[in-house]
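Q: Attaching a single structure in structure tokens format; questions to follow.
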Amino acid sequence: MKKIKNYINGKWVEPENTGYLDVENPTTRKVLSRVPFSTTAETNRAIDAAAGAFPGWSTTPVARRVRPLFKLNDLLRTNEEKLARVLVAEMGKSIPDATAEFKRIYENIEVAAGMPVLQQGEKIIGSSFGIDGEILRLPIGVFAMIAPFNFPGMVPFWFLPYALATGNTYIVKASKQVPMTMELITKYIDQSGFPPGVFNLVNGDKTVAEAFMDSSTVRGISIVGSTPTCKIIAEKCANTNKRFQAMGSAKNHLVAMPDAKLDNVIRNMTTSCYGCAGQRCMASSAIIGVGDMYDTLCKRFIEDSKNVIVADPLDPKVAGKSLVMGPVISQKAKDFILSMIEEGIKEGANLALDGRGIVVSGSEEGHFIGPTVFTDVKPGMKIHDTEIFGPVVVILKADTLDDAIRIVNDHKYGNGASIYTQNGYWARKFKLEAQAGMIGINIGIPAPVAYLPFGGMKESQYADIKAQGRAIINFFTEDKVITERYFEE
């Protein structure tokens, strides 16, 4: 059985560990590999390697720092199919979803490759008599990130290329459930020309994460995970004066106004709700029908939900189709989702489409749940309050746009929200008043491209600086302000 290794100081190493965890294919439950529970000492070796590489890397001219990113981008593009199939095997999303994930990786690398422009400072001549002012954006040191299972390739690249291009050194802790994708990406990083220690990969569980937080050498941490985990990370980092980006849970709402073009909208909603089996931070899981739209919306959405193909995502018969939905990540996740469906029934919501008990031929042991829809859901019900992180959609009714915005704003999470309308006044009101970090207008998944920042509001984000784009340069650099003057000789 293949054992996952760590990558420290430019070398693949047999990890010091306290044991191994089986990495399962969630479709078949076949064991694909074994991932180590690396120790604190092993993690500290990676931190030391990154710290040792920082002086040389941070003083390397920025144009030379981005050169390996161009080579990495070429390697990833050339091997996209291989990478996508590894991702699908260990995570369970469809081939189209996996290839879309890699498209976002390329985008982020390309934006970070513009660092010779993005990292430029500012200067003012004559800030006072004979005095000039200047701002330098300087790298800080060692940064680390804790990767989630649902986007094991893309999410690290919200941070990694920007950290390296700005002159910092970096450590990724891959998800213990899906470590193989990042391992393969690291093999291409190793071929790209980064000096030893500039990038490091450590596998494991919370022991690794705690070592990051406890280390005085690590200057900042990024994580995408659940809100309870993000709160812990934020508190610990604040106590040790570390920078942190903690992207938390979500309950993204889609608001359908009476003038919404349902012929164009329904498939957009379906894709948003069931892509990656609902296991993405931008998946919509709550729909609000406004006014007379509600009954028609419920009927049309339920009908289209039945068209989703629940299958082994690597089955050649369906692999290229856009509406394929694979399994959820684990039996634990499936059990939680099933418990939430039971909770919705107890709360009095109408289970209009029941995805329980679905069996996929040839993958009978897989962690499958079919599309599930609750109607007649009221704000405050547990199935509305909770991030279920699966293919479960709740539909609520609002009499007016103000009522719909109130439902969105009263929710504790504020990652994303979208409105479907042709009315410019309604659209403008929604984008200004809805309390979510990413807003869509006739867009079911309002995830911004890599040039723009990614992040939520309220309990969906514990950070001042969001992921990716120009804004993240401020996370990975320290502004050093220079005030200077020179007297005549």
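The values are calculated or read from the model by the stated rules, or taken from the named source; none is laboratory data. Quick caveat, the model's predicted, so the values are computed rather than measured. Please note: Cβ atoms are built from the backbone with ideal geometry, for glycine as well, and neighbour counts cover all protein chains shown. Protein only, heavy atoms only, side chains kept; ligands, DNA and RNA dropped before computing areas. Shrake-Rupley method; radii C 1.70, N 1.55, O 1.52, S 1.80 Å.
Q: Treat every Asp and Glu Cβ in the chain as -1 and every Lys and Arg Cβ as +1, leave all other atoms uncharged, and give the resulting dipole magnitude about the Cα centre to the nearest 20 debye.
A: Here the size comes out at about 700 debye.
Q: Sticking with this one: Once the Cα atoms of helix 67-78 and of the chain are each reduced to a long axis, what angle between those two axes, in degrees from 0 to 90 to the nearest 10, is obtained?
A: Computed tilt is about 30 degrees.
Q: Cross-link partners among aspartates and glutamates for Lys378, C-alpha distance below 19 Å, same-chain residues fewer than 8 apart left out?
A: List returned: Asp292, Asp295, Glu342, Glu343, Glu347, Asp354, Glu387, Asp399, Asp402, Asp403, Asp410.
Q: Go through Phe149, Phe476 and list them by solvent-accessible area, largest first, probe radius 1.4 Å. Could you put the intermediate results ahead of the total?
A: Working: Phe149 35, Phe476 0 Å².
So the residues, ranked largest to smallest area, are Phe149, Phe476.
Q: If you don't mind, there's one more thing I want to ask. From largest to smallest, what semi-axes in whole angstrom does segment 219-274 give when each is the square root of 5 times an eigenvalue of its alpha carbon gyration tensor?
A: In descending order the semi-axes read 38, 10, 9 Å.
Q: Could you give log10 I(q)/I(0) at q = 0.15, 0.18 Å⁻¹ for segment 242-381, computed by the Debye formula over C-alpha point scatterers of equal weight, without solvent?
A: Here the Debye-derived log intensity ratios amount to -0.81, -1.12.
Q: A further question on this structure: Go through segment 123-130 residue by residue and turn each phi into a ³J(HN,Hα) via Karplus (6.51, -1.76, 1.60, θ = phi - 60°); whole Hz please, and just put x for glycine and proline.
A: 8, 10, 8, x, 5, 8, 5, x
Q: To the nearest 20 debye, what is the magnitude of the charge dipole of segment 184-239 about its Cα centre, counting +1 on the Cβ of each Lys and Arg and -1 on the Cβ of each Asp and Glu?
A: Dipole about the Cα centre, nearest 20: 100 debye.
Q: Quick one: the Cα spread of segment 185-254 along its three principal axes, in angstroms, biggest first?
A: Here the Cα extents, ordered largest to smallest, are 41, 37, 20 Å.
Q: Report, in degrees rounded to the nearest 10, the 0 to 90 angle that the Cα long axis of helix 95-112 makes with the longest principal axis of the chain.
A: 30
Q: So what is the 222 nm mean residue ellipticity for the chain from helices alone, if each DSSP H run of at least 4 adds -39500 (n - 2.57) and you divide by all residues, rounding to the nearest 500 deg cm²/dmol?
A: Calculated at 222 nm, the ellipticity per residue is -11000 deg cm²/dmol.
Q: Scattering from the C-alpha atoms of segment 362-489 alone, worked out with Debye: what is log10 I(q)/I(0) at q = 0.10 1/Å?
A: Listed by q, the Debye log ratios stand at -0.48.
Q: Express the accessible area of segment 254-331 per residue in Å², computed with a 1.4 Å probe while the remaining protein chains stay in the model.
A: Accessible surface, normalised per residue, equals 36 Å².
Q: Under unit Cβ charges (Lys, Arg +1; Asp, Glu -1), what dipole magnitude, rounded to 20 debye, does segment 30-80 have relative to its Cα centre?
A: Charge dipole of segment 30-80: 160 debye, to the nearest 20.
Q: In whole percent, what relative contact order does the chain give with Cα contacts below 8 Å and a gap of six or more residues?
A: 19
Q: Take the alpha carbon gyration tensor of segment 34-85, find the square roots of its eigenvalues, order them as a ≥ b ≥ c, and report rounded if a/c is under 1.5; if not, report prolate when a/b exceeds b/c, else oblate. Each step should come with its number before you reach the end.
A: Details: a/c = 6.58, a/b = 1.08, b/c = 6.08.
Oblate shape, in that a/c is at least 1.5 and b/c is the bigger or equal ratio.
Q: Something else: What is the ratio of the Cα radius of gyration of segment 288-366 to 2.2 N^0.38 Å, with N the residue count, to two decimals?
A: Expressed relative to 2.2 N^0.38 Å, the Cα Rg reads 1.31.
Q: Moving on. Between the helical axis of 262-274 and the dominant principal axis of the chain, each derived from Cα atoms, what acute angle in degrees is found, rounded to the nearest 10?
A: Tilt of helix 262-274: around 60 degrees.
Q: State the answer as a single residue: which of Phe368, Leu297, Ala283 lies farthest towards the positive end of the charge dipole of segment 283-403, with beta carbon charges of +1 for Lys and Arg and -1 for Asp and Glu, about the Cα centre.
A: Of the candidates, Phe368 comes out farthest on the positive side.
Q: Moving on. Given a Förster distance of 56 angstrom, what is the FRET efficiency for Lys346 paired with Thr18, based on the Cβ-Cβ distance and rounded to 0.05?
A: Numbers: r = 40 Å, r/R0 = 0.72.
It comes to 0.85.
Q: Compute log10 of I(q)/I(0) for segment 318-404 with the Debye formula, placing one identical point scatterer on every Cα and leaving out solvent, at q = 0.13, 0.18, 0.25 Å⁻¹, to two decimals.
A: For segment 318-404 at q = 0.13, 0.18, 0.25 Å⁻¹, log10 I(q)/I(0) is -0.48, -0.81, -1.25.
Q: Separate question: Quick query: amide H of Gly141 versus all other amide H atoms, modeled in the peptide plane; which residues come in under 5 Å with a sequence gap of 5 or more or a different chain?
A: Thr169
Q: Between segment 305-322 and segment 76-148, what's the alpha-carbon centroid distance in Å?
A: Comparing the Cα centres of segment 305-322 and segment 76-148, I get a distance of 32 Å.
Q: Once ligands and nucleic acids are excluded and a 1.4 Å probe is used, how much of Glu235 is accessible, expressed in Å² to the nearest 10?
A: 120
Q: Cross-link candidates for Lys242: which lysines have Cα within less than 20 Å, leaving aside residues fewer than 8 places away along the same chain?
A: Qualifying lysines at Cα under 20 Å: Lys173, Lys206, Lys231, Lys466, Lys480.
Q: Still on this model: Near the amide H of Leu353, under 5 Å away, which other amide H atoms are found, from residues 5 or more places off or on another chain, if H is placed in the peptide plane?
A: Placed amide hydrogens put Val373 under 5 Å from Leu353.
Q: Moving on to the next point. Where the Cα atoms of the chain are projected onto their three principal axes, how long is each span, largest first, in whole Å?
A: Per principal axis, max minus min of the Cα coordinates gives 82, 63, 40 Å.
Q: Can I ask one more? At 1.4 Å probe size, with the rest of the protein present, what percent of the exposed accessible area of segment 184-309 is carbon and sulfur atoms?
A: On segment 184-309, the fraction of accessible area on carbon and sulfur atoms equals 46 percent.
Q: Please compute the Kirkwood hydrodynamic radius of segment 121-272 from all pairs of different C-alpha atoms, in Å with one decimal.
A: Details: mean 1/r = 0.0547 Å⁻¹.
Across segment 121-272, the inverse of the average 1/r is 18.3 Å.
Q: Order Asp263, Asp335, Asp132 by their accessible area, 1.4 angstrom probe, all chains in place, largest first.
A: The ranking, largest first, comes out as Asp263, Asp335, Asp132.
Q: When a/c reaches 1.5 or more, the comparison of a/b and b/c decides; with that in mind, is segment 219-325 rounded, prolate or oblate per its Cα gyration tensor?
A: Values: a/c = 3.90, a/b = 1.67, b/c = 2.33.
Here segment 219-325 falls in the oblate category.
Q: Taking all pairs of different Cα atoms in segment 1-123, averaging 1/r and flipping that mean, what Kirkwood radius in angstroms comes out?
A: Computed over segment 1-123, the radius equals 17.5 Å.
Q: At a 1.4 Å probe radius, which order do Glu183, Glu107 fall into by accessible area, largest first?
A: Result, largest first: Glu107, Glu183.
Q: Additional query: Hey, what do the phi angles of segment 449-457 turn into as Karplus ³J(HN,Hα) couplings, whole Hz, using 6.51/-1.76/1.60 and θ = phi - 60°, x for Gly and Pro?
A: Taking θ as phi minus 60°, the curve returns 5, 5, 6, 10, x, 10, x, x, 10 Hz for segment 449-457.
Q: On alpha carbon coordinates alone, what is the Rg over Rh value for segment 99-156, Rh being the Kirkwood radius?
A: Radius of gyration relative to Kirkwood radius: 1.23.
Q: Around Asn442, which amide H atoms from residues at least 5 apart in sequence, or from another chain, sit under 5 Å from its own amide H, with H modelled in the peptide plane?
A: Under 5 Å from the amide H of Asn442 lie the amide H atoms of Ile419, Tyr420, Thr421, each far enough along the sequence or on another chain.
Q: Take every DSSP beta bridge with both residues inside the chain and express the antiparallel ones as a percent of the total, to the nearest 5.
A: If we restrict to bridges inside the chain, about 40 percent are antiparallel.
Q: Each residue of segment 280-293 in order: what ³J(HN,Hα) in whole Hz does its phi give by Karplus 6.51 cos²θ - 1.76 cosθ + 1.60, θ = phi - 60°, with x for Gly and Pro?
A: After applying 6.51 cos²θ - 1.76 cosθ + 1.60, I find 9, 5, 9, 5, 7, 10, 9, 10, 10, x, 9, x, 5, 5 Hz.
Q: Sticking with this one: So how exposed is Arg406, as accessible area in Å² (1.4 Å probe, rounded to 10)?
A: 120
Q: Continuing with the same structure: Would you list which lysines come within 30 Å of Lys321, measuring only between C-alpha atoms, while excluding same-chain residues fewer than 8 positions from it?
A: Lys30, Lys82, Lys93, Lys103, Lys176, Lys187, Lys251, Lys261, Lys299, Lys306, Lys332, Lys334
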